[in-house]
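Worksheet: one structure, shown below.
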Amino acid sequence: MISYDDFKKVEIRAGKILSAEKIPETDKLIKLSVDFAEGTPRQIISGISMYFPDPATLVGRTCMFVTNLEPRMIKGFESNGMIFAISDDKGNFSLLEPNNSITPGTLAA
C-alpha cells in the first residue's frame, strides 16, 4: 500500500505516438517517439513488441503515460517515461487509451 500523497506524485499524461520501431537484437523492446506538447517529442522504450508485431500500428494512437519517472537506460537507449498497459495470464493485452478528444500533454486529474 502507498499513501495518497505518494500516489499524487505520479504524473500521468496523454501522449500521441509519432513513431514506433522495434529495437534490433531484442525480443520485447519498441522505441516510441511520443508527443506530449512539450515542443520536442520524448523517447520511451517499452517491452510491448510481442503484442505489436508491426510497431507501425501504434503510430497515431493517443495513450496514457507516466511522465515524471527519472530517465532510464534500457539496452543502450534512454527512456523518458512509461506507457500504461495491462495483460493477464490468458494473453489478453490492452493499452490505456483515452477517447480521441483528449489533447496530447493533458494531465490526468
- Note on the structure: Among strands (runs of 3 or more DSSP E) completely within the range 38-89, the ones holding 3 or more residues that are surrounded by 12 or more Cβ atoms within 10 Å (Cβ to Cβ) are 42-46, 62-66, 77-79
- Task: Would you mention how many residues in the range 1-20 are under 15 Å from Ile83 (Cβ atoms) and over 13 Å from the mean Cα position of the chain (by Cα)?
- Result: 1
- Task: Quick one: Ser19 ticks every box in (1) assigned to a loop (DSSP other than H, G, I, E, B); (2) among the hydroxyl-bearing types (Ser, Thr, Tyr); (3) touching a residue at least 40 places away in the same chain (Cβ under 8 Å) except a single one, so which number is it?
- Result: (1)
- Query: Taking the range 90-101, which residues are surrounded by 14 or more Cβ atoms within 10 Å (Cβ to Cβ) and over 19 Å from Ala20 (Cβ atoms)?
  - Reply: none
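Read the figures in this text as sums done on the coordinates, not as results from a lab. Note that this is a predicted model, so its numbers are computed, not measured. So basically every Cβ, Gly included, is an ideal-geometry build from the backbone, and we count neighbours across all protein chains shown.
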